[in-house]
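Taking it in order: structure first as structure tokens, then the write-up.
The values are calculated or read from the model by the stated rules, or taken from the named source; none is laboratory data. All values reported here derive from a predicted model rather than from experimental measurement. Note that each Cβ is placed from the backbone with ideal geometry, even for glycine, and that neighbours are counted across all protein chains shown.
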Amino acid sequence: MLNFKIHNIQILSMNIRNLLIVYILISSTRLHSQEAASKVFYLEKIKAEMKLEWPKNRTINLVFHGHSVPAGYFKTPIVNTLNSYPYLVLEQIKLQYPFTVVNIINTSIGGENSESGQKRFESEVLIHQPDVLFIDYALNDRGIGLVSAKIAWEKMIRAALDKKIKVILLTPSPDQTVDINDDHTILDQHATQIIQLSKFFNVGLIDTYALFKNKTKEGFDLVNFMSQVNHPNENGHHLIADEIMRYFK
């Protein structure tokens, strides 16, 4: 009788183990099949609202949260606000959507990493009730490492999605001390992690690092897009802004 009970317990344990294996495989497949949000459809509702004329229209809030690059630093300490990508996006949006009222709200701080940005996220970012939120911290996240950066980014993404905010993540812009054509650098690792986060949460993605990398593969010198070692110039900011605008076309 005892042997019969042991045999039944062993069978039950095997069945549970098999079910867990199947569940893990299904979960992995779902994760693998996820993609970043479509540039064509992700902001479809917002784009429709931006076409409305007064008095049916409303104010659209675009919030840019990150470090010195979205803050507008070109050659430190010069802050070239109007030629930074958040305001180049505003300029292009106004050409395409002349009836819309758009606020560009820049909560970026030079020198900051995502851990610091996450700590002030509720009080200084969500308070603005973003319609679209852009997060750009990877360049400075080298100082805190991949694990800490992932935790901070996930917290911000989840908090924004809980508020039904559309989120668009940006991979890092270049640092000329890092070989952009080496696919195994720390900046590449942060870029890969951000791409994975965009797929996992099915949010928007601007692969900034790939934009600059592709330019060098086309034969352009990276220096043509940089104002100093780790800050893009106006040409570099235009690359980022033009890619963001693909979500608003």
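Looking at D131, D136, which is the one that is of a type in the set (D, E) and touching a Gly at 6+ places or on another chain (Cβ under 7 Å)?
D136
Just one of the numbered conditions (1) part of a helix (DSSP H, G or I); (2) under 16 Å from the mean Cα position of the chain (by Cα) is not true of P130; which one?
Going through (1) part of a helix (DSSP H, G or I); (2) under 16 Å from the mean Cα position of the chain (by Cα) one by one, P130 breaks only (1).
I'm trying to understand the selection: among the residues of the range 157-169, which are in contact with a Leu (Cβ under 8 Å, 6 or more places away or on another chain) and of a type in the set (A, V, I, L, M)?
If the condition is that a residue be in contact with a Leu (Cβ under 8 Å, 6 or more places away or on another chain) and of a type in the set (A, V, I, L, M), then I157, A159, A160, I165, V167, I168, L169 are the ones that fit.
Would you mind finding the one in R158, R142 that is of a type outside the set (S, T, Y) and either over 14 Å from the mean Cα position of the chain (by Cα) or within 20 Å of A191 (Cβ to Cβ) (or both)?
Just one listed residue meets the conditions, R142.
Here are some residues: V89, V125. Which one is within 30 Å of P55 (Cβ to Cβ) and touching a His at 6+ places or on another chain (Cβ under 6 Å)?
Numbers: V89 fails: touching a His at 6+ places or on another chain (Cβ under 6 Å).
None of the others qualify; the one that does is V125.
Within the group F225, F220, F212, F134, which residue is closer than 17 Å to E243 by Cβ and in contact with a Ser or Thr (Cβ under 7 Å, 6 or more places away or on another chain)?
Just one listed residue meets the conditions, F212.
Which of the helices (runs of 4 or more DSSP H) found entirely inside the range 1-72 contain at least 3 residues meeting this: at pLDDT 95 or above?
Values: elements: 2-33, 44-50, 68-71.
Output list reads 44-50, 68-71.
Of everything in the range 62-90, what is surrounded by fewer than 17 Cβ atoms within 10 Å (Cβ to Cβ) and either under 20 Å from the mean Cα position of the chain (by Cα) or free of Cβ contacts under 8 Å to residues at least 40 places away in the same chain (or both)? Give them in sequence order.
Result: P77, I78, V79, T81, L82, L90.
Go through the residues of the range 206-219 one by one and say whether even a single one is surrounded by fewer than 21 Cβ atoms within 10 Å (Cβ to Cβ), touching a strand residue (DSSP E or B) at 6+ places or on another chain (Cβ under 9 Å) and closer than 18 Å to Y137 by Cα.
yes
Being within 30 Å of N113 (Cβ to Cβ) and in the same structural domain as D242 (by TED's automatic domain parsing) narrows it down to one of P77, P55, P98, so name that one.
Every option except P77 fails the conditions.
Taking A37 as the residue in question, decide whether it is small (G, A, S) and over 19 Å from M245 (Cβ atoms).
no
When the range 161-191 is examined, which residues are found to be in contact (Cβ under 8 Å) with a residue 24 or more places away in the chain and among the hydroxyl-bearing types (S, T, Y)? Please lay out each step first, then the result.
Of all residues in the range 161-191, those in contact (Cβ under 8 Å) with a residue 24 or more places away in the chain come to 161, 163, 165-177, 180-181, 186-187, 189-191.
Result: T171, S173, T177.
Give the residue, chosen from E234, E243, that is under 19 Å from Y87 (Cβ atoms), assigned by TED's automatic domain parsing to the domain that holds H128, under 15 Å from the mean Cα position of the chain (by Cα) and touching a residue at least 24 places away in the same chain (Cβ under 8 Å). Before the answer, list the steps.
Details: E234 fails: under 15 Å from the mean Cα position of the chain (by Cα).
From the options E234, E243, the qualifying one is E243.
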